[in-house]
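Each remark here refers to the structure printed beneath this line.
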Ligand code: BES
Ligand code: ZN
């Protein structure tokens, strides 16, 4: 019986591996005619909340008989199309297909013989899913508007007609015009000088997948941190961010030592307003970062290590489809933790591993079985709806497992070679697995089996071979919690003076699930947790408080939900609130105030919570 089960599993995973990796999420014909370079000429129009202008595609014919170019679009107004044939522009024909609810509308452009380039004149709409337009009120400075793009996974198409798949790559150039008082920046070479005419030019000479083309504009200033790193942000965050992230250069050097050269020259950070829906986004040369990690004590800088790590995993070696996201985020989480170990030491790196594993286990309890698989099935689904910690932490754990089995020396050499051999390529899970066997598993026989790798990649849950890091610091915290619950010590007697944010997070997350209200009050009185200025600690405490019905936090919770738009921090709180009638009413009232300040992506996620009554 047991063997029959394995046989079925193996057969099933084998079948999955046989399918060619086509990207379900694009309706473009990138496997026939592919654009190799795009040029954008756009006006950032804050009044209309739109980008307006043209995109120009340089074409390469993979199929010489191709008669059309198909691009992805979503909610774009297409004005006209021009074709460059024998160095002359002439007008072209196009047809916008009926909208697919997940993928958007396919834009079909008829190609004439010898069409070298295609130009599409268009504008985005105010509701573009990949852009957020902020009023001055929603910024830190309150005087100027701000806008930014967030294109991963399939939102680039909402602000430019493009072959929107991570399976292809383009170089790009751009000319961006905006209000003279503002400055645009892009995931390209940014020059620190402001231009009095409001016209800025950008080039990205390295080929990147379209989801990494990024733009922002606002009252943005520049402050260098080191030769290779700088902060771009509104004035309000400039100094504090430069201070908080001053180890970025050391992080680059640590990663280079471990896994090979940083290939993108400059590495800058753009600090966005608090409504940015993510912690960070690895836009090349210019990661986009939430201000909620400027904690004052560098306690949350693993986020920078994470976005930087994407300069190797994700940006250099890219997932060919969104099913293969784990190759991107799993490797990045692994590299992130190795950077943290190099720069901040083993103790902190292990604490971060343990916290991540605990979070994953918690999340997995509520995750549909199919979404517990790293090589997740996404056909017909919006990748945003399948977003979870699985590709991140299960992916990281898989790599930790391999490291454990083969030893650091061999594993590091393998990872370095993997990045180098696939630099500027997009690969799928099957290609990775073949490479893994060829260069790591087969040359070192007897350590890892097919059953092991299949369990990690193609099966749900957490495999038996899961690594179990332990943190001495957290074991001490466990002992203190137990002593307090057994009434052997008071809270005052617990030596919390030298605790880091990680210990506080572990402490809160490991209090008993059914802790009494009296104890919640005592904790709050002793440690003032409700007023914690660390956004992660506040999040953990607010979540526990909602679960335990500790109502004293409600005013702080309201402020928190209105002040922050980062999905990871707000969504779990709303999820918990909608479970009871009273809290539901509270959540609905607060959301009404908070919603206008949230990004369309965050709005979508929270809207759904109120629909599922
Ligand atoms: N690339 C991701 C953000 C992302 C993933 C956007 C998938 C859209 C689809 C980014 O690198 C990321 O993982 N951010 C995390 C940070 C973290 C795990 C340290 C976040 O925003 O919380
Ligand atoms: Zn990431």
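A few comments on the model shown:
- Any hit, the stretch 275-282, residues being within 9 Å of ligand 1 (Cβ to nearest atom) and free of Cβ contacts under 8 Å to residues at least 24 places away in the same chain: no
- Filter result (over 17 Å from residue 398 (Cα atoms) and either within 11 Å of ligand 1 (Cβ to nearest atom) or under 15 Å from the mean Cα position of the chain (by Cα) (or both)) within the stretch 322-340: 322, 340
- Checking each residue in the stretch 470-514 for being part of a loop (DSSP other than H, G, I, E, B) and crowded, with 17+ Cβ neighbours inside 10 Å picks out 471, 494, 499, 511.
- Restricting 362, 377, 366 to those that are surrounded by fewer than 18 Cβ atoms within 10 Å (Cβ to Cβ) and modelled with pLDDT under 95 reduces the list to 366.
- Every residue from the stretch 256-281 that is surrounded by 23 or more Cβ atoms within 10 Å (Cβ to Cβ) and out of contact with any strand residue (DSSP E or B) (no Cβ under 7 Å at 6 or more places or on another chain): 259, 277
- Once the stretch 554-568 is narrowed to residues that are out of contact with any helix residue (DSSP H, G or I) (no Cβ under 8 Å at 6 or more places or on another chain) and in contact (Cβ under 8 Å) with a residue 60 or more places away in the chain, the residue that is nearest to ligand 1 (Cβ to nearest atom) is 568.
- Qualifying residue in the stretch 424-433 (condition: assigned to a loop (DSSP other than H, G, I, E, B) and in contact with a strand residue (DSSP E or B) (Cβ under 9 Å, 6 or more places away or on another chain)): yes
- Every residue from the stretch 218-229 that is in a strand (DSSP E or B) and buried (at least 21 other Cβ atoms within 10 Å of the Cβ): 218, 229
- Verdict on residue 161 being modelled with pLDDT of 95 or more, buried (at least 20 other Cβ atoms within 10 Å of the Cβ) and touching a helix residue (DSSP H, G or I) at 6+ places or on another chain (Cβ under 8 Å): no
- The single condition from (1) over 19 Å from residue 289 (Cβ atoms); (2) in contact with a strand residue (DSSP E or B) (Cβ under 7 Å, 6 or more places away or on another chain); (3) crowded, with 21+ Cβ neighbours inside 10 Å that residue 114 fails is (3).
- Whichever residue in the stretch 290-314 is more than 10 Å from ligand 2 (Cβ to nearest atom) and closer than 22 Å to residue 172 by Cβ and, among such residues, is surrounded by the fewest Cβ atoms within 10 Å (Cβ to Cβ): 311
- Selection from the stretch 440-461 of residues that are part of a loop (DSSP other than H, G, I, E, B) and surrounded by fewer than 19 Cβ atoms within 10 Å (Cβ to Cβ): 442, 443, 444, 445, 446, 447, 449, 459, 460, 461
- Residue in the stretch 383-403 that is crowded, with 17+ Cβ neighbours inside 10 Å and farther than 30 Å from residue 23 by Cα present: yes
- Wholly within the stretch 121-177, strands (runs of 3 or more DSSP E) carrying at least 2 residues that are within 16 Å of ligand 1 (Cβ to nearest atom): 131-134, 146-149
- Scanning the stretch 572-599 for residues that are closer than 22 Å to residue 271 by Cβ and under 21 Å from the mean Cα position of the chain (by Cα) returns 597, 598, 599.
- Residues of the stretch 590-601 satisfying the condition of being at pLDDT below 95 and farther than 13 Å from residue 127 by Cα: 597
- Among the residues of the stretch 377-397, just one is within 16 Å of ligand 2 (Cβ to nearest atom) and over 17 Å from the mean Cα position of the chain (by Cα), namely 397.
- Residue, nearest to ligand 2 (Cβ to nearest atom), within the stretch 320-345, restricted to residues that are under 23 Å from residue 25 (Cα atoms) and in contact with a strand residue (DSSP E or B) (Cβ under 7 Å, 6 or more places away or on another chain): 332
The values are calculated or read from the model by the stated rules, or taken from the named source; none is laboratory data. If you're wondering where the values come from, they're calculated on a predicted model, not measured in any experiment. Heads up, the Cβs are rebuilt from the backbone with ideal geometry, glycines too, and the neighbour counts pull from every protein chain shown.
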